[in-house]
Structure formats: C-alpha cells, structure tokens
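The next block holds one structure in the form of structure tokens; read it before the comments.
The values are calculated or read from the model by the stated rules, or taken from the named source; none is laboratory data. Bear in mind the structure is a predicted one, so any value in this text is a computation, not a measurement. Don't worry about glycine lacking a Cβ; one is built from the backbone with ideal geometry, like all the others, and counts go over all protein chains shown. To get the accessible areas, we keep the full protein, side chains included, count just its heavy atoms, and leave off ligands, DNA and RNA. Shrake-Rupley method; radii C 1.70, N 1.55, O 1.52, S 1.80 Å.
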Amino acid sequence: MNVYDGQRIAAMLLQRGYAATEKIADADIIILNTCAVRAKATDKVFSALGRVRRAKKTDALFGIVGCVAREAGAAAFKRIPDLNFVLGPQSYHKLPDILENPDTKLLNIDLGGLEKFDELPESSTSPAVAYIPIQEGCDHCCTYCIVPYTRGREISRPFENVMHDVRHAAATGALEICFLGQNVNGYKYSDNTGKAFRLSDLIRETAKLDAIKRIRFTSSYPTEMTDDLIEMFRTEQKLLPFLNMPIQSGSPDVLTRMNRPYSLDLYIDIVDKLKAARPDIQISSDFIVGFPGETDADFEKTVQIAKQIRHINSYSFKYSPRPHTAAALMPNQIPENVKASRLAALDGELNEIQREFNEACVGETMACLCEGADKTGKKLVYRTPYMQQCIVDAPENGNAPQMADIRITAANKASLRGEFCDQN
Ligand code: SAH
C-alpha cells in the first residue's frame with residue numbers, strides 16, 4: 001500500500017516539475033512514507049528523520065506521510081521541530097498546499113476516506129507489477145492492530161474506479177495486477193442501481209485484459225474467503241495459485257484474545273476448498289508470536305499448524321504493543337527474550353518448509369515475471385507464480401523477456417536457479 005501511495009505522490013511531484021534524486025543533499029523536498037504496524041517501524045522513522053535533517057539543504061521541505069504521521073500527529077513537530085509537514089495515510093493529497101505555502105507547518109491526519117484517490121494525478125508509466133488498492137481501512141479490529149486507528153473504517157472503492165486504474169496500468173506497462181486491501185477479500189461495493197460487486201468481479205473483469213498475464217491479491221481474512229472467490233481459482237488461470245491468508249496463531253485461545261474469531265477447522269476447511277479448486281495452490285501466512293498470555297503450549301500449536309498447512313513465503317513477527325490497541329493493555333505481556341526464542345523456533349520451521357517446497361519445484365517449468373537484473377547485469381531475477389525468486393543467466397543478446405517459461409534447475413531455502421525453456 002505504501003508503494004502505491006508513494007507512486008501517487010511521486011506522480012504529483014513529477015507533474016509539478018520535480019525530478020527524482022538519489023542524494024538527500026540535492027533534494028528540494030524529502031518525504032518519508034511510513035508504516036506504524038510495529039514499534040520498530042515507527043522507531044526507524046524517527047532515526048531516519050534525524051539523519052535526513054542533518055544531511056538536507058536548510059531550505060528543503062521535509063516531512064512525513066503515512067501511518068506514523070497519523071500516530072504521532074502534532075507531537076512529531078515537537079520531536080523534530082524543523083519538520084514542515086505531517087500528513088496521514090488519507091491526507092497526503094494535501095501535499096500541494098505545502099508546496100504553495102512553504103513557510104507554514106502543515107498537519108493533517110484526518111481520515112478522508114477515498115478522497116486521495118481522486119485528487120492526485122496518475123503515473124504515466126506502470127511498473128510490471130501494479131499494486132492497486134481496492135479499499136481503505138479495516139473493520140476487523142484485531143486487538144493487536146493499529147491499522148483501524150491509522151487508516152480508519154473499511155471503505156471499498158467504486159468498482160469502476162478500480163477498473164479504471166487496472167486499465168490504465170495495463171495500458172502503461174503492467175503485466176501483473178495485485179489488488180490490495182487490509183481485508184482485500186471483504187471488498188464490497190454497490191453502484192447507484194444497487195448492483196453489488198465483489199473481489200471476484202474485479203478478478204473476472206481484469207482477466208479479460210490481454211496485457212494482464214497474472215493477477216493476485218493481498219491480504220485475505222480467513223472468514224471472508226467466499227465461494228465465489230474460491231471459484232475464481234478454478235476458472236481464472238491468470239489468478240496465481242498462491243494466496244496470503246494470515247492465520248496469526250494456531251491456538252484457539254490466542255485467536256479469541258486477538259479477536260480473530262475463526263476455528264482452525266474452518267481455516268483448514270477453506271484451504272481444502274481452495275485445493276479442490278486449484279490443486280497446485282500454495283498458502284502463505286502471517287504469524288505473531290508472543291501475544292499477551294501465549295503459553296509454550298499455545299506457541300507449539302502455531303508451529304503445528306504451519307507444519308500441517310505447509311505455509312510457504314510467510315511472515316512472522318514478535319508481538320509489538322501498539323498505541324490505541326486493546327492488546328497493549330492486556331495482562332501477561334510476554335518478555336522480549338521469550339518472544340525472540342519463539343520467533344527463532346518458528347522461523348526455523350518456516351525455512352525448512354520453504355526449502356522443501358523450493359526443492360520440490362526443481363524440474364518444473366513455471367511462467368515467471370522479470371523483476372530486473374542483479375548488480376552485475378549478468379543475472380536476471382524472476383518471480384515464480386509462488387513469489388519465489390528465481391535467478392537466470394541473462395541471454396547473450398541482452399534481451400530479457402518480461403514473461404518467460406523457466407525450468408527450475410536448483411533450489412535452496414531462499415531462492416531458485418533456472419534456465420529459459422527454449423535454451424536446451
Ligand atoms: N490486514 C493486514 C494487516 C497489515 S499488518 C494484513 O493482514 O496483512 C501485516 C501483518 O503484521 C499482520 O498480518 C500481522 O501478522 C502483523 N502485525 C500487525 N500488528 C502487529 C503487532 N502489533 N505486532 C506484531 N505484528 C503485527
């Protein structure tokens with residue numbers, strides 16, 4: 001989501017005659033686009049602000065946008081007095097105000113809903129993978145999560161606006177569309193005739209575009225994985241056989257305290273339905289370890305469920321108490337050293353599962369999307385349909401096909417090696 005927001009901000013600045021620079025000392029405007037989901041991310045923002053402050057030109061405009069801006073609000077100006085602007089994740093379209101009045105301080109952390117999508121210009125070129133937000137905010141209110149505070153209530157964007165973005169991306173270079181939302185599979189929109197649209201409608205419509213070769217979406221909430229959406233994995237071959245569906249914990253007690261009221265049986269049942277629709281599908285998850293009150297036995301259940309589902313490409317985090325969340329006030333907070341050792345143990349298992357999956361891919365041929373070259377320019381980096389990185393020798397003629405059938409020749413826990421299929 002921050003990648004997308006950043007692109008919209010960059011497009012606005014380019015349109016106004018700005019150009020990108022790698023050097024902070026050359027910049028006339030410096031914007032940190034921030035994430036507040038864990039305390040570490042927030043801390044990094046403030047240390048980066050300190051570095052930027054020392055390196056920038058004295059008259060450069062300098063500010064933060066995104067969730068840390070909303071979390072910190074006016075206090076950000078107290079901590080870093082020379083900040084010029086602090087704009088929340090739904091008010092960054094107000095940036096032109098500071099360009100016009102550079103001598104003021106601009107604070108806006110309002111939840112403006114969908115306004116930002118209408119006010120900023122579109123980029124004239126799309127990256128190969130276009131991230132397209134289809135909703136803002138989240139209504140789930142997981143007790144650990146700051147997102148409902150920083151990004152507000154869940155609102156789905158109008159179907160036609162999303163499809164406009166998809167067509168624009170397809171016309172300007174996108175090969176893959178990744179639909180984004182905090183609760184992406186909860187997308188619901190009714191137009192003024194009362195016609196209702198779901199994520200499955202967006203996928204079906206997007207799959208009709210010749211330019212688009214791959215479609216995916218993230219992140220899904222387990223109980224919103226409706227049958228119409230599961231059916232898409234059977235009928236739309238452009239939808240990748242890969243789904244991020246965070247389970248967070250394998251302990252029913254912890255899930256209850258997280259306010260994630262689904263049973264493990266329900267989760268397993270959804271995975272079974274997905275596999276019936278697309279036998280080669282793989283599931284990824286996010287995990288939180290060391291949630292308040294998590295016992296060794298609870299944690300063991302998390303490891304067990306990861307091993308049972310065989311989650312690939314997963315993300316695991318130590319629980320981080322966040323302001324404005326219920327879990328931060330719960331008793332039995334887990335000591336840092338326990339969180340760290342549980343995280344290491346879970347990561348060990350997840351790495352093993354990933355290595356096993358990567359090794360099972362050797363000998364397969366997969367349609368992969370080019371991400372670019374490594375530093376030497378001699379190797380190309382591709383993404384498989386399962387989001388694994390696959391390294392291929394660049395062809396002698398210098399051509400790097402954007403989409404290519406690649407035969408996987410070797411694997412380790414972090415990446416794959418492959419060769420183009422038409423080279424024997
Ligand atoms: N709805 C989004 C949430 C974005 S945050 C999603 O499901 O992806 C991404 C992940 O960060 C969450 O799934 C969760 O595993 C993790 N996370 C969120 N809040 C956290 C916290 N307070 N401490 C540790 N991890 C957290």
### Summary
For TYR189, the lone unmet condition from (1) aromatic (Phe, Trp, Tyr); (2) under 26 Å from PRO127 (Cβ atoms); (3) open to solvent by less than 30 Å² (accessible area, probe 1.4 Å) is (3)
### Summary
Scanning segment 366-383 for residues that are under 16 Å from GLY398 (Cα atoms), open to solvent by less than 30 Å² (accessible area, probe 1.4 Å) and not aliphatic (A, V, I, L, M) gives CYS370, GLY372, TYR382
#### Entry: Condition broken by HIS311, with the remaining ones in (1) closer than 26 Å to ARG70 by Cβ; (2) surrounded by 21 or more Cβ atoms within 10 Å (Cβ to Cβ) satisfied
(1)
### Message
Quick check on TYR144: is it open to solvent by 20 Å² or more (accessible area, probe 1.4 Å), in a strand (DSSP E or B) and within 16 Å of the ligand (Cβ to nearest atom)?
### Response
no
### Message
Considering only segment 324-334, I want to know if a residue exists there that is away from the ligand (no atom under 12 Å from the Cβ), open to solvent by 70 Å² or more (accessible area, probe 1.4 Å) and not assigned by TED's automatic domain parsing to the domain that holds ALA130.
### Response
no
### segment 376-403, residues that are over 17 Å from LEU239 (Cα atoms) and within 25 Å of the chain's Cα centre (by Cα)
LEU380, VAL381, TYR382, GLN389, CYS390, ILE391, GLN402
### Message
Here is a check on your reading of the model: is ARG38 farther than 14 Å from PRO89 by Cβ, at pLDDT below 95 and not polar (S, T, N, Q)?
### Response
no
### Query
Do we find a residue being farther than 17 Å from PRO252 by Cα and either under 21 Å from the mean Cα position of the chain (by Cα) or open to solvent by less than 20 Å² (accessible area, probe 1.4 Å) (or both) anywhere in segment 283-306?
yes
### Query
Looking at ASP139, is it assigned to a loop (DSSP other than H, G, I, E, B), within 27 Å of ILE288 (Cβ to Cβ) and open to solvent by 20 Å² or more (accessible area, probe 1.4 Å)?
yes
### Query
Within segment 43-81, how many residues are over 17 Å from LEU107 (Cα atoms), open to solvent by less than 50 Å² (accessible area, probe 1.4 Å) and of a type outside the set (A, V, I, L, M, F, W, C)?
2
### Task
Within segment 256-263, identify whether any single residue is open to solvent by 40 Å² or more (accessible area, probe 1.4 Å), over 20 Å from the mean Cα position of the chain (by Cα), away from the ligand (no atom under 16 Å from the Cβ) and under 26 Å from THR325 (Cβ atoms), and answer yes or no.
yes
### Message
Any residue at all in segment 226-244 that's within 16 Å of the ligand (Cβ to nearest atom) and in contact with a Pro (Cβ under 8 Å, 6 or more places away or on another chain)?
### Response
yes
### Task
Note down all Cβ pairs under 6 Å where the first residue falls in segment 246-274 and is under 30 Å from ARG234 (Cβ atoms), the second is open to solvent by 40 Å² or more (accessible area, probe 1.4 Å), and they're at least six residues apart or on different chains.
GLY250/LYS301; GLY250/GLN304; TYR262/THR223
### Message
Looking only at segment 105-136, filter to residues that are among the small types (Gly, Ala, Ser) and open to solvent by 20 Å² or more (accessible area, probe 1.4 Å); which one of those is modelled with the lowest pLDDT?
### Response
GLY112
### Message
With the condition being closer than 29 Å to ASP286 by Cβ and in contact with a strand residue (DSSP E or B) (Cβ under 8 Å, 6 or more places away or on another chain), I'd like the strands (runs of 3 or more DSSP E) fully within segment 1-116 carrying at least 1 qualifying residues.
### Response
29-34, 61-66, 85-87
### Message
Would you confirm whether or not segment 195-211 contains a residue that is in contact (Cβ under 8 Å) with a residue 40 or more places away in the chain, in contact with a Pro (Cβ under 7 Å, 6 or more places away or on another chain) and not aliphatic (A, V, I, L, M)?
### Response
no
### Query
Any idea which of (1) in a loop (DSSP other than H, G, I, E, B); (2) over 26 Å from the mean Cα position of the chain (by Cα); (3) not charged (D, E, K, R) is the one PRO121 doesn't satisfy?
(2)
### Summary
By residue number, the members of segment 141-194 that are in contact with a Pro (Cβ under 6 Å, 6 or more places away or on another chain) and under 20 Å from LYS238 (Cα atoms) are LEU180
### Message
I need a count of the residues in segment 130-141 that are more than 10 Å from the ligand (Cβ to nearest atom) and at negative phi.
### Response
8
### Task
Could you tell me whether any residue of segment 155-173 is surrounded by 20 or more Cβ atoms within 10 Å (Cβ to Cβ) and within 16 Å of the ligand (Cβ to nearest atom)?
yes
### Total residues in segment 152-161, condition assigned to a helix (DSSP H, G or I) and in contact with a helix residue (DSSP H, G or I) (Cβ under 7 Å, 6 or more places away or on another chain)
2
### Summary
Exactly one of MET366, MET387 is within 16 Å of the ligand (Cβ to nearest atom) and touching a strand residue (DSSP E or B) at 6+ places or on another chain (Cβ under 9 Å), and that one is MET387
